[in-house]
Amino acid sequence: MSQQANPRGTFLKIADSVKRRIEDDPSMTELPSLAEVMSDHKVSRGVALRAFGVLRQEGMAEPVPGERWRVVRAGARIDRRPLDQRIADVITTEELQVGEAFPSASALAERFGVSRPTVTKALEKLEAAGVLAGGGQGRVRTVRALPAREERS
């Protein structure tokens with residue numbers, strides 16, 4: 001029986017391959033997409049997910065809702081708050097006032113390294129919470145209210 005015909009352990013080989021990429025590239029912050037892994041290794045989505053699961057068990061990667069899996073490095077500080085909360089911080093960090101224009105979904109997608117649809121969902125949450133106003137195709141979002149700061153104990 002040839003190596004190709006036996007799928008047992010394929011996900012482990014893929015996990016090892018991705019691990020080597022992480023170790024060889026200290027600037028790597030996210031795993032390749034599932035589609036890339038499936039295409040590069042000619043495997044199903046399930047096999048690719050099992051490989052990512054191995055990396056998760058070994059503490060090398062973690063899933064991020066709405067984004068690619070993130071590489072976990074010892075000592076690296078990562079903001080794990082939901083995207084809508086991180087986007088709301090833009091108001092504070094850029095000292096935006098009520099009524100001012102808010103950055104576009106495209107600019108935010110590039111800034112946070114996520115897709116535009118993912119940013120749009122987060123912006124919709126902020127609109128529903130009353131923090132932003134406007135939006136929609138061709139319309140500029142504006143700051144409607146300053147976000148409440150969370151008190152940390």
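Side notes on the structure shown:
- Which of Pro32, Leu49, Pro103, positive extreme of dipole for region 10-153 (C-beta unit charges): Leu49
- Tensor-based shape of region 17-76 (alpha-carbon gyration tensor, a/c under 1.5 rounded, otherwise prolate or oblate): prolate
- Under a model in which nothing but the beta-carbon of Lys, Arg (+1) and Asp, Glu (-1) is charged, the chain shows a dipole of about 520 debye around its Cα centre.
- Take region 1-139 with all the other protein chains still there, run a 1.4 Å probe, and you get 63 Å² of accessible area per residue.
- Positive-end residue of Gly66, Phe112, Phe11, charge dipole of the chain with Cβ unit charges: Phe11
- Expressed as a whole percent, the accessible surface of the chain that belongs to carbon and sulfur atoms is 49, based on a 1.4 Å probe.
- Check: region 84-143 dipole with +1 on Lys, Arg Cβ and -1 on Asp, Glu Cβ, in debye: 240
- Taking all protein chains together and a 1.4 Å probe, the residues Asp24, Asp84 rank Asp24, Asp84 from largest to smallest accessible area.
- Here the Debye sum runs over all C-alpha atoms of region 1-125 as equal scatterers in vacuum, and log10 of I(q)/I(0) at q = 0.14 Å⁻¹ comes out as -0.72.
The values are calculated or read from the model by the stated rules, or taken from the named source; none is laboratory data. Predicted, not measured: the structure shown is a model, and the values here were computed from it. All Cβ positions, even for glycine, are placed from backbone atoms using ideal geometry, and neighbour counts span all protein chains on display. For accessibility, only protein heavy atoms count, side chains too; no ligands or nucleic acids. Shrake-Rupley method; radii C 1.70, N 1.55, O 1.52, S 1.80 Å.
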